[in-house]
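Asker: First, the structure itself, so that you have it in front of you.
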Amino acid sequence: MSDSSQIAVYRNRCEIHCCRPHSLAAAAVTFFMAFYSTCSAAETTVVIECCSLFDSESGTMLPEQTIVIRGSQIVHIAGKDAVPDIPADATRIDGRGKFALPGLIDAHVHVVHVLDFAHVTGDEVLPLYLAAGVTSIRSAGDEVVAATLVARFAAAHPEFCPRVFTCSPLLDADPPIHRDIGRAVTDPIKVPELFDDLERWDITTVKIYAGTSRPVGRAIIEESHRRGLFVTAHLGKYSAQDAVADGVDGLEHIWSVFNYVIPPELTTQPGHRGKLDFNTPLCESLVAELAQRKTFVDPTLAVFRNMILLPDVAEVHDHPDNTLVPKRLREFWPVYLQRAGCPHGGPLEDRRREFAKFQELTGKLYRAGVPLLVGTDSPEPQVPPGFSLHQELEMLVESGLPPAAALTAATLTNATVLREHGSLGSISVGKVADILLLTANPLDDISNTRSIELVMHNGLICHPDELLKRVPSE
């Protein structure tokens, strides 16, 4: 199928989406008219007084800081001895005993895939992200037309939607593994023509998928860099060693490292994935290369634990976060798991050992200086939008990251791969006012990221309980 034909198919599918009862257009009108009161527009000045502020640059908590926001921008930050003049009409928020955190960013979500099969549109779950303090999300491969519509809807409604950054479809072999969101790319010579089309959709990330061969992958990497685009990969046929040598910017999923440090002689041994030794020349050389090249790795531990390996475990299957998603999505998850043949990995103890190895490798990457991202692969089964990011942070800390490092990864590092570190990722003068106000210190216990009193997004004050009311229960 030609590129123009594929675009026509995408457009037709999106028009079909828009004719559904829960369409983007209908949702836009419904949400705007019925629920605009969820957030208060910060038209003048908002001041958060005397809070502790997490500095994602240094990874420290700064005491007794006052943050002044005018419109959507942070205009002043002062310590207790330099309190600024506060306009009489300012909205003042008492931050004593509270902790200000930059808005969280989820570096790996899908705003169409999975939702489409569950007959849920992306706009219906966007408030979940904001209710969880996730103020920006990066699509990691979706139908480009539908994803663009979701992103535009989100941009029009910052009072209940996070910022959405879009991605290319999954650039894959022919036929693509995921035919709903994949694009077959088999000839390196045709890659520039493909990018001419993709750039018109204002994507920020390019994604190589598992069936891609090295010649095509190298051409995609080179073209991405020529055009100033971040290129990441979910690897399969294209090895991690080759992709890193060819200059890929990021790797998605811990599998994209783990699967390439297994000595061939071990693959015939039962349960070998849960017994892997990472102190081997094969592993050490790849980890060193990732660190030297500063290749970003997005482990997405949540999807491995919750969907792939342990979805039949009660604490995963019955996690209270799962109850927050629409019933249509919740009821589709077991259908999707059956289709995908999950859980993978055989006996439960083997699967637990394998997941422990994923966490061990994640810790090894961190200690080696490999820059880590924080992503979830939401809304895969048991990976609820927004709230699974708190689970991901908890698993990263269990893997050996200090809470401050996990928080910096979920804010400033994620903003960096989006090329938005000048406006997002830290509470700094001149940046956009994306701020969480917590009632407990996340450096004491990473699960305290859940203690959200309010969310400020683009200078708008939002309340989690009210945002959750926007999410359809059915």
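Asker: How far is the Cα center of segment 408-474 from the Cα center of segment 197-231, in Å?
Answerer: For segment 408-474 versus segment 197-231, the Cα centre distance is 29 Å.
Asker: Counting pairwise Cα distances across segment 118-214, what percent come out greater than 23 angstrom?
Answerer: 30
Asker: Any chance you could run the full-extension gain for E474 through K237? It's 0.36 nm times the residue separation minus the Cα-Cα distance, nm to one decimal.
Answerer: Numbers: separation 237, 0.36 × 237 = 85.32 nm, distance 3.99 nm.
Computed gain between E474 and K237 is 81.3 nm.
Asker: Nearest 10 degrees is fine. How inclined is helix 24-35 to the longest principal axis of the chain, computing both from alpha carbons?
Answerer: Taking the Cα atoms of the chain, the angle to 24-35 is about 30 degrees.
Asker: I would also like to ask the following. Highest mean first, how do 118-124, 58-64 rank when packing is the count of other Cβ atoms within 10 Å averaged over residues? Don't skip to the end; give the middle numbers.
Answerer: Working: 118-124: 23.1, 58-64: 14.6.
So the peptides 118-124, 58-64, ranked by packing, come out 118-124, 58-64.
Asker: While we're looking at this one, here's another question. Name the aspartates and glutamates eligible as straight-distance cross-link partners of K80: C-alpha to C-alpha under 19 Å, and not fewer than 8 places from it in the same chain.
Answerer: Those aspartates and glutamates meeting the cut-off are E49, D55, E64, D94.
Asker: Can I ask one more? Under the classification rounded if a/c is under 1.5, otherwise prolate if a/b is larger than b/c and oblate if not, where does segment 104-417 fall, given a ≥ b ≥ c as square roots of the Cα gyration tensor eigenvalues?
Answerer: rounded
Asker: Using alpha carbons only, how many angstrom separate the centre of segment 357-406 from the centre of segment 133-165?
Answerer: 22
Asker: Here's a follow-up. Toward the positive end of the charge dipole of the chain, about the Cα centre and with charges on Cβ (Lys, Arg +1; Asp, Glu -1), which of H119, P63, L393 goes farthest?
Answerer: About the Cα centre, the residue reaching furthest to the positive side is H119.
Asker: Another question, then. Counting only DSSP beta bridges with both residues in the chain, tell me the antiparallel percent, nearest 5. Before the final figure, lay out the partial values.
Answerer: Details: 27 of 57 bridges.
Looking only at bridges with both residues in the chain, the antiparallel portion is about 45 percent.
Asker: Placing +1 at every Lys and Arg Cβ and -1 at every Asp and Glu Cβ, with all other atoms neutral, what dipole size does the chain have around its Cα centre, in debye to the nearest 20?
Answerer: I would put it at about 380 debye.
Asker: Further question: Arrange L198, L324 by Cβ neighbour counts within 10 Å, fewest through most, would you?
Answerer: L324, L198
Asker: Let me ask something else. By how many degrees, 0 to 90 and rounded to 10, does the Cα axis of helix 281-293 deviate from the longest principal axis of the chain?
Answerer: For 281-293 against the chain, the angle is about 40 degrees.
Asker: Taking the Cα centre of segment 268-321 as the origin and placing charges on Cβ (Lys, Arg +1; Asp, Glu -1), which of I308, P281, P320 is farthest toward the positive end of the dipole?
Answerer: P281
Asker: Going highest first, how would you order 145-152, 390-397, 71-78 by mean Cβ packing within 10 Å?
Answerer: 390-397, 145-152, 71-78
Asker: Please give the charge dipole size of segment 239-349, origin at the Cα centre, charges +1 on K and R Cβ atoms and -1 on D and E Cβ atoms. Round to the nearest 20 debye.
Answerer: In total the dipole reaches around 360 debye.
Asker: Under unit Cβ charges (Lys, Arg +1; Asp, Glu -1), what dipole magnitude, rounded to 20 debye, does segment 200-257 have relative to its Cα centre?
Answerer: Dipole of segment 200-257, to the nearest 20 debye: 140 debye.
Asker: What order do you get for W333, W201, W255 when you list them from fewest to most C-beta neighbours inside 10 Å? Each step should come with its number before you reach the end.
Answerer: On the way: W333 23, W201 17, W255 20.
Lowest to highest Cβ neighbour count: W201, W255, W333.
Asker: Lys/Arg Cβ at +1, Asp/Glu Cβ at -1, dipole of segment 104-417 taken about the Cα centre: which of T416, A155, A291 is farthest positive-ward?
Answerer: A291
Asker: Here's a follow-up. Taking a ≥ b ≥ c as the square roots of the Cα gyration tensor eigenvalues, with a/c under 1.5 meaning rounded and otherwise prolate when a/b beats b/c, else oblate, which class fits segment 188-340?
Answerer: Oblate shape, in that a/c is at least 1.5 and b/c is the bigger or equal ratio.
Asker: Here's something else I'd like to know. Quick one: angle between helix 122-131 and the longest Cα principal axis of the chain, in degrees between 0 and 90, rounded to 10, please.
Answerer: For helix 122-131, the angle is close to 60 degrees.
Asker: Determine, for F165, F117, F153, the number of other Cβ atoms within 10 Å of each Cβ, and report the residues in order from fewest to most.
Answerer: Fewest to most other Cβ atoms nearby, the residues stand as F117, F153, F165.
Each reported figure results from applying straightforward, stated rules to the coordinates on display, with no laboratory input. The structure displayed is predicted, hence computed values, not measured ones. Positions of Cβ are generated from backbone atoms using ideal geometry, with glycine treated the same way; all protein chains shown enter the neighbour counts.
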